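**Student:** What follows is a structure written as structure tokens; I'll ask about it next.
Nothing in this text is a laboratory measurement; each read-out follows from the coordinates by a stated rule. Values in this document were obtained by computation on a predicted structure and should not be read as measured data. Ideal geometry is used to build each Cβ from the backbone, glycine not excepted, and the neighbour counts take in all protein chains shown.
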Amino acid sequence: MVGQISSFTLHHCFVIGHLSLVILTMAITVPRPTLNWRERLYLPAIVAGLAITFKHFKNMLLGRTKVTMQYPEQKWDSSLPDHYRGAPALVRDEDGRVRCVACQLCEFICPPRAIKIIPGEIPTADRFAKVEKYPEQFDIDMIRCIFCGMCEEVCPEQAIFLRKDYAITGFTRADMMHHKEKLLEIGGIMHGVVLKWNERK
Amino acid sequence: MGSFFIITSLLKIVGILAVILTMVSYAVYAERRVSAFIQDRLGPNRVGPAGLLQPIADMFKLLLKEDYTPRSVNTFYYWLAPCLAVMPAIITIAVVPFGSTLFGVPMVIADVNVGILFVFAIASLGVYGIVIGGWASNSKYPFLGGIRSSAQMLSYELSLGLAVIPVFLVVGNLRLTSVVRYQIDQGWFIAPFVGDWTDPWKWLLAIPMVISFLVFMIAIFAETNRLPFDLPEAEQELAGGYNIEYSSMKFALYFLGEYAAMITGSAVIVTLFFGGWHFPGIPDGSRGWIFGLINVAVFFAKVAVMIFVFMWVRWTLPRFRWDQLMRLGWLFFFEIALVNIFIVAGLMALLPK
């Protein structure tokens, strides 16, 4: 069996090689198709073409063809999948506490270095003193962000998520810098135990 | 004659100029929408309701662009060419009757007795705008565009002229108002439904008229540089042809010229073959000014339909190759038009008076 296949392949190779040799050495004459009188008249073809374009025109005019989404009025939002990677954002838990503990792993993993965190210390008298740190400043430069989702993957506290916001706009570079408040506003509250490594997120 | 004639003529000139310029800007809009619809797109629909204010936005854009003159151009001809492209297209409309009468004033600016000759004489000047523009730009692509345009004009002008001869054989007069008058009495040339329409001779005569119409329309396509004969422009081969070196309002003038030529071409086709301002059942302006207005509206509606056909053809057919175009012009349309003349002349001789 194996021998058969290999011999077949060899034979094939030989044929192809031979053909290419032929192609290289002689010009190929492509025969012109012989047209009948209707095709030579050319007018029926024009009329058929006109009929096709008119059909398209008519269907657009009557609103039967629906291919274009009128973007600002109609949006994808309802059909976005759960694993959509939009703008990264910080989330709060049910008690309204910012989950981020300012470990700076996302800052280190971020390929375009879009994230900048300045950690602050939680005083020892505080109820959550064992958390030790909180983000005093948390900035994501949305001009730099490449929506790769590595920050989300690396976060041990499940505090940063890529949300479904995709239209991030601004008039200046400063506008495109998402500060902590903006990030929390986009993020909102994440309920329950978030199973980070489930199949979707 | 006298002051009344001068004042009414001036009013007609201003009025028709306003209508033509408006039609040009909306023809550009219509072109974009029609092409979009044919290609299952939407086209410009953002500026104003259904994008109807788009021409104004376009105009402001073109006015505010930098008017750049390349260093190596021949300045005088470079400036002259866009004007030459627009002028003939607009002048031609002067002899076309665009309505019956309004308050007793005939709705044609100049009812000259050499009407169609005037149309041909002026319309063929349009090629100078392209040729001079192509030469004065001192650049390769515009130059090729200009050369193509002149050769194309030579090949199609001939069949254009020959194609209308049957019309004037039948009418017996070169005046465009009498062409319309004949069609009101005897029925439109390509569809003689008016009057005694059961007369088989009329329908026999309509066959060469349809051929004549087709040849004339195709020649007008070539004359106005529209696809499938837009070789002087040929975006893919010549990157825009004669208008490459032009910017801002000078470029806009070329654009204006193309569309004005299209409108004028449509107006001439409508006048010669579709009964001009006449529509069966609608009386002319001597029965009241409202009918006069309706006649004008009918004329421009017919022109609009013709313009749609222009666009429809443009977005259906691919461009002809250079040799195919020459072959078509010299070997087919010229002969067809020539034979057609003899057929009509023969029919006229046989036709019972």
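**Student:** Residue by residue, what Karplus-based ³J(HN,Hα) values in Hz, rounded to whole numbers, does the range A:106-120 have, using 6.51, -1.76 and 1.60 with θ = phi - 60° and x for Gly and Pro?
**Tutor:** 5, 4, 6, 7, 4, x, x, 6, 8, 9, 9, 10, 10, x, x
**Student:** Could you list B:V14, B:V210, A:V101 in order of exposure, starting from the residue whose Cβ has the fewest other Cβ atoms within 10 Å?
**Tutor:** Sorted ascending by nearby Cβ count, the order is B:V14, B:V210, A:V101.
**Student:** Related question: Measure nothing fancy, just the Cα-based angle from helix B:140-171's long axis to the longest principal axis of chain B, in degrees from 0 to 90, nearest 10.
**Tutor:** With rounding to tens, the tilt is 0 degrees.
**Student:** Expressed as a fraction of 2.2 N^0.38 Å, the rule-of-thumb size for a compact globular protein of N residues, what is the C-alpha radius of gyration of the range A:79-187?
**Tutor:** Rounded to two decimals, the normalised Rg is 1.07.
**Student:** Which of the chymotrypsin sites (Phe, Trp or Tyr not before Pro) found in the range B:57-91 are loop residues per DSSP with 15 or fewer other Cβ atoms within 10 Å of their Cβ?
**Tutor:** Passing both the DSSP loop test and the Cβ count: B:Y68.
**Student:** I would also like to ask the following. What does the structure give for B:172-184 when I average, per residue, the other chain Cβ atoms found within 10 Å of the residue Cβ?
**Tutor:** Going residue by residue through B:172-184 and averaging, the value is 0.
**Student:** Express in whole angstrom the spacing between the alpha-carbon centres of the range B:121-172 and the range B:231-284.
**Tutor:** Going from one Cα centre to the other spans 13 Å.
**Student:** While we're on this one: Tabulate in residue order the Karplus-calculated ³J(HN,Hα) for the range B:47-53, using 6.51 cos²θ - 1.76 cosθ + 1.60 with θ = phi - 60°, rounded to whole Hz; enter x for Gly and Pro.
**Tutor:** 7, x, x, 6, x, 6, 8
**Student:** While we're here: List the relative contact order of chain B as a percent without decimals, with contacts defined as Cα pairs under 8 Å and 6+ residues apart.
**Tutor:** With pairs under 8 Å counted, the relative contact order is 24 percent.
**Student:** Averaged across B:36-44, how many Cβ atoms of other chains sit within 10 Å of each residue's Cβ atom?
**Tutor:** That average works out to 5.
**Student:** Please give me, ordered by residue number, the chymotrypsin sites (Phe, Trp or Tyr not before Pro) of the range A:22-83 that lie in loop per DSSP and have at most 14 other Cβ atoms within 10 Å.
**Tutor:** When the chymotrypsin sites (Phe, Trp or Tyr not before Pro) of the range A:22-83 are filtered for loop state and at most 14 Cβ neighbours within 10 Å, A:Y42, A:W76 remain.
**Student:** Mind checking the mean number of beta-carbon atoms from other chains within 10 Å of the Cβ atoms in A:49-60?
**Tutor:** 5
**Student:** Let me have the relative contact order for the range A:66-187, percent, based on Cα pairs under 8 Å that are six or more residues apart.
**Tutor:** Computed value for the range A:66-187: 33 percent relative contact order.
**Student:** Please give me the summed charge of the neighbours of A:R173: other residues whose Cβ is under 11 Å from its Cβ, Lys and Arg +1, Asp and Glu -1.
**Tutor:** Spelling it out: positives minus negatives among the neighbours equals -1.
**Student:** Neighbouring Cβ atoms within 10 Å as the yardstick, rank B:M326, A:M26, B:M209 fewest first.
**Tutor:** A:M26, B:M326, B:M209
**Student:** On to the next question. Could you name the lysines in cross-link range of B:K12, using Cα to Cα under 29 Å and dropping any fewer than eight places away on the same chain?
**Tutor:** In chain and number order, the partners are B:K250, B:K302.
**Student:** To the nearest 10 degrees, how steeply does helix B:3-38 sit against the main Cα axis of chain B, on a 0 to 90 scale?
**Tutor:** 70 degrees
**Student:** Quick one: Karplus J couplings for the range B:261-267, per residue in order, coefficients 6.51, -1.76, 1.60, θ = phi - 60°, nearest Hz, x for Gly and Pro?
**Tutor:** Listing the rounded values in order: 4, 5, 5, 5, x, 4, 4 Hz.
**Student:** Return P(r) of chain B (all Cα-Cα pairs; 20 Å bins starting at 0; whole %; ordered from short to long distances).
**Tutor:** For chain B, the pair-distance distribution reads 28, 57, 14, 0.
**Student:** Do any GluC sites (Glu not before Pro) in the range A:72-109 lie in a DSSP loop with no more than 12 other beta carbon atoms within 10 Å, and if so, which?
**Tutor:** Sparse-neighbourhood loop GluC sites (Glu not before Pro): A:E73, A:E94.
**Student:** What is the sum of charges around B:M249, taking Lys and Arg as +1, Asp and Glu as -1, for the other residues whose C-beta is under 10 Å from the C-beta of B:M249?
**Tutor:** Combined, the nearby Lys, Arg, Asp and Glu give +1.
**Student:** Let me ask something else. List B:E335, B:E223 from most exposed to least, where exposure is judged by having the fewest other Cβ atoms within 10 Å.
**Tutor:** Listed from fewest to most nearby Cβ atoms, that is B:E335, B:E223.
**Student:** Now for a separate question. Give the value in nm², to one decimal: projected area of the alpha carbon convex hull of the range B:98-228, averaged over all directions.
**Tutor:** For the Cα atoms of the range B:98-228, the hull's average projected area reads 9.9 nm².
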